[in-house]
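A.B. asks: Below you'll find the structure I mean.
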Amino acid sequence: MEKTVEQQLLNAIQFATEKHKGQFRKGFSKTPFINHPINVADILANNGEADNIILLKAAILHDVLEDTNTKANELIENFGVDVCKLVLECTDNKNLVSEDRKQAQIDCVCKASTNAKKLKLADKISNIKDIIIDPPIGWSIDRRLDYLEWANDVCCQINGVNEKLEQLFNNEMEMAKIALITEANLV
């Protein structure tokens, strides 16, 4: 019997929760890491992608290859080739130094699939919100502004894949810049 969409999403959440067990976001609140991929899927679902089950599953799983010991074959076995391909497309090469990984995202996003571009937008939207609400410990205002600039460099190349996501990214970026400039002026 084929699983319902809800069952498929719950399976992805269970899988990702187990894989990210013991991991936390970098902010002061020490939010469980799993909240981030769930938030990314929620952003997609609430901005025109609720019926895109492959994208939603990939959103939930988008960091498991990069940040855990999960192998691609596990994703194929549990979620299929299409989900695995999308997760792979959005996974950074951890063998590269940070600056090279960042540049690779900028260089590769133009050639990415439509679903990968949507996932990148939602991921960056989630990260931008966290940069303001619960920034990584030790990140100065300048470092946070640098992150915003880099995220914009990645996402400004994404056009025409989902107008709602693109507008949300632009709105979140603008609000984040204002918040950081205001914070800088208070210090």
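The values are calculated or read from the model by the stated rules, or taken from the named source; none is laboratory data. Just so we're clear, the structure is a prediction, and the values are computed from it rather than from any experiment. Backbone-built Cβ (ideal geometry, glycine too); neighbour counts: all protein chains shown. Keep in mind that these areas ignore ligands, DNA and RNA; they rest on the heavy atoms of the full protein, side chains included. Shrake-Rupley method; radii C 1.70, N 1.55, O 1.52, S 1.80 Å.
A.B. asks: How big is the dipole moment of the chain about its Cα centre under a simple scheme where the beta carbon of each Lys and Arg is +1, that of each Asp and Glu is -1, and everything else is neutral? Debye, nearest 20, please.
C.D. replies: About 260 debye.
A.B. asks: Next question. Considering Cα pairs under 8 angstrom that are at least six residues apart, work out the relative contact order of region 21-171 and quote it in whole percent.
C.D. replies: So the answer I get is 27 percent.
A.B. asks: Related question: Quick check: residue separation of Ala50 and Lys3 times 0.36 nm, minus the Cα distance between them. What number comes out in nm?
C.D. replies: Computed gain between Ala50 and Lys3 is 15.2 nm.
A.B. asks: Of the cross-linked pairs Lys3/Lys102; Lys71/Lys102; Lys19/Lys164; Lys71/Lys124; Lys57/Lys94; Lys19/Lys117, which ones have a Cα-Cα span greater than 29 Å in the structure shown?
C.D. replies: Those over the limit are Lys3/Lys102; Lys19/Lys164.
A.B. asks: If you rank Asp42, Asp92, Asp142 by how much accessible surface each has, with a 1.4 Å probe, what is the order from largest down?
C.D. replies: From most exposed to least exposed: Asp142, Asp42, Asp92.
A.B. asks: Tell me, what ³J(HN,Hα) does each residue in region 139-150 have, in order and in whole Hz, if you take phi through Karplus 6.51 cos²θ - 1.76 cosθ + 1.60 with θ = phi - 60° and put x for Gly and Pro?
C.D. replies: These are the phi-based 3J(HN,Hα) values: 7, 6, 4, 4, 5, 5, 5, 4, 4, 4, 4, 5 Hz.
A.B. asks: Also, I was wondering about something else. Name the residue from Thr70, Leu180, Asn115 whose Cα lies farthest towards the positive end of the charge dipole of region 55-187, charges +1 on Cβ of Lys and Arg and -1 on Cβ of Asp and Glu.
C.D. replies: Asn115
A.B. asks: Could you pull out every one of the aspartates and glutamates with an alpha carbon less than 18 Å from that of Lys118, ignoring same-chain neighbours closer than 8 positions?
C.D. replies: Answer for Lys118, where 18 Å is the Cα cut-off: Asp42, Glu49, Asp51, Asp63, Asp82, Glu89, Asp92, Asp107, Asp153, Glu163, Glu166, Glu172, listed by chain and number.
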